[in-house]
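Enquirer: Please read through the structure below; I'll follow up with questions.
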2 protein chains.
Amino acid sequence: MARWEPNTRERLVLAALDLFTDQGYDATTVSEIAERAGGLTKMTFFRYFADKREVLFAGQEIHSRILADAVAAAPDQATPLQAVAAALDALAATFADDRRDLGAKLRAVIAGNSELRERATFKRAGLTAAMTAALEKRGVPDMTASLAAELGVGAFYRAFDQWADPASEQTLTYLTRRALGELRAAAATLG
Amino acid sequence: MARWEPNTRERLVLAALDLFTDQGYDATTVSEIAERAGGLTKMTFFRYFADKREVLFAGQEIHSRILADAVAAAPDQATPLQAVAAALDALAATFADDRRDLGAKLRAVIAGNSELRERATFKRAGLTAAMTAALEKRGVPDMTASLAAELGVGAFYRAFDQWADPASEQTLTYLTRRALGELRAAAATLG
């Protein structure tokens with residue numbers, strides 16, 4: 001199997017995660033990230049990312065698109081939660097197990113900085129909004145769509161947290177399906 | 001009935017909302033807000049708020065506390081959603097109808113600025129986390145707690161949006177109860 005060769009954008013993300021982990025987010029400059037990514041310049045960095053913070057949230061648009069496309073592609077007869085489950089499967093499949101350590105680093109860097117936690121919450125809301133809009137396009141009423149999307153994104157984040165634990169041995173797909181099942185069961189006990 | 005006399009903190013919030021509405025958030029300085037609030041200084045402003053942005057989110061801690069206290073005070077036999085409903089009643093009761101126009105201004109200012117939208121999403125997540133923690137303290141399992149809290153906060157925001165519409169004539173309490181009922185009904189159709 002061919003070795004995975006990161007492209008420039010990915011090299012910048014990897015370099016940033018390493019530096020943020022080693023010396024902290026605040027102490028790291030864009031120039032250092034570019035240099036660590038293979039002798040690149042600040043200017044190259046800014047061709048890919050608006051600022052230092054965005055290097056950590058590069059996936060937002062791609063992830064939103066994956067979720068929305070998979071919801072749109074679900075069979076006509078799928079219930080809202082079945083469409084959401086298909087979307088989560090599509091998203092989880094993009095996280096290979098050999099990148100679990102990147103997930104752990106990302107999680108730790110974000111947890112350690114309030115500005116990053118704030119941005120991460122906004123990303124999560126963006127994923128929910130994308131999935132809500134895709135469900136509405138299928139004719140799902142807006143409240144049902146937003147609930148199903150919240151439930152699905154909630155399951156994904158719960159699962160990601162478990163997956164990013166170095167001690168974990170399960171795939172993100174497995175963990176996400178399990179979390180969605182548990183949340184569905186919990187929804188029946190709200191009273 | 002006695003006229004409502006705003007205290008210094010409230011005068012600063014009102015002045016900020018007026019200035020942000022009239023001349024835009026970015027164009028307004030902390031000194032201008034302090035001056036408009038009755039000839040106060042920048043230093044006084046910073047005794048109440050960490051920065052210009054926080055003047056719009058002053059309610060976060062108070063609102064979180066109201067929600068958590070009301071969840072804790074709900075009868076032992078209350079279901080998770082009944083405890084949430086009681087908390088929303090307590091929060092909604094703090095928004096008098098004669099302040100509907102402030103809600104409309106707040107909503108418009110936040111909608112017009114991406115940094116503020118991001119901060120508002122974080123506030124919403126904070127309210128959800130506070131209510132989730134309070135439900136867990138009642139012995140509600142964590143997934144059920146977080147779902148009930150999400151549903152409740154979702155209902156409150158939906159209702160606030162309707163309440164802040166100048167054409168609206170209903171109380172926030174009425175609108176929140178209605179939204180919670182609708183979301184509950186929607187939860188039954190997720191599939």
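Values quoted throughout were computed directly from the atomic coordinates according to the rules given, and no laboratory measurement underlies them. These numbers were taken from a predicted model, which means no experiment stands behind them. Every residue, glycine as well, gets a Cβ built from its backbone with ideal geometry; the counts of neighbours run over all protein chains shown.
Enquirer: I'd like the residue in the stretch A:120-165 that is outside any helix (DSSP H, G or I) and in contact with a helix residue (DSSP H, G or I) (Cβ under 6 Å, 6 or more places away or on another chain) and, out of all such residues, is farthest from the other protein chains (Cβ to nearest Cβ). Don't jump to the end; show me each part of the working.
Expert: Here is the first cut: in the stretch A:120-165, the ones outside any helix (DSSP H, G or I) are A:138-141, A:164-165.
From what's left, in contact with a helix residue (DSSP H, G or I) (Cβ under 6 Å, 6 or more places away or on another chain): A:140, A:164.
On the way: A:140: 9, A:164: 18 Å.
The selected residue is A:164.
Enquirer: Please return the ranges of helices (runs of 4 or more DSSP H) entirely within the stretch A:1-110 where 1 or more residues are acidic (Asp, Glu).
Expert: A:8-23, A:30-36, A:59-73, A:80-92
Enquirer: Which members of the stretch A:172-191 meet the condition of being polar (S, T, N, Q) and more than 8 Å from chain B (Cβ to nearest Cβ)?
Expert: Scanning the stretch A:172-191 gives A:173, A:176.
Enquirer: List pairs: first residue in the stretch B:16-44 and on the phi > 0 side of the Ramachandran plot, second residue surrounded by 13 or more Cβ atoms within 10 Å (Cβ to Cβ) anywhere in the structure, Cβ distance under 6 angstrom, at least six positions apart or on different chains.
Expert: These pairs meet every condition: B:38/B:11.
Enquirer: Could you tell me which residue of the stretch B:58-112 is surrounded by the fewest Cβ atoms within 10 Å (Cβ to Cβ), considering only residues that are touching a residue at least 40 places away in the same chain (Cβ under 8 Å) and polar (S, T, N, Q)?
Expert: B:60
Enquirer: Check residue A:169 against each of (1) among the charged types (D, E, K, R); (2) in a helix (DSSP H, G or I); (3) away from chain B (no Cβ under 13 Å) and name the one condition it does not meet.
Expert: (2)
Enquirer: Which of the residues that make up the stretch A:16-31 are crowded, with 16+ Cβ neighbours inside 10 Å and over 20 Å from residue A:104 (Cα atoms)?
Expert: Residue satisfying the conditions is A:30 alone.
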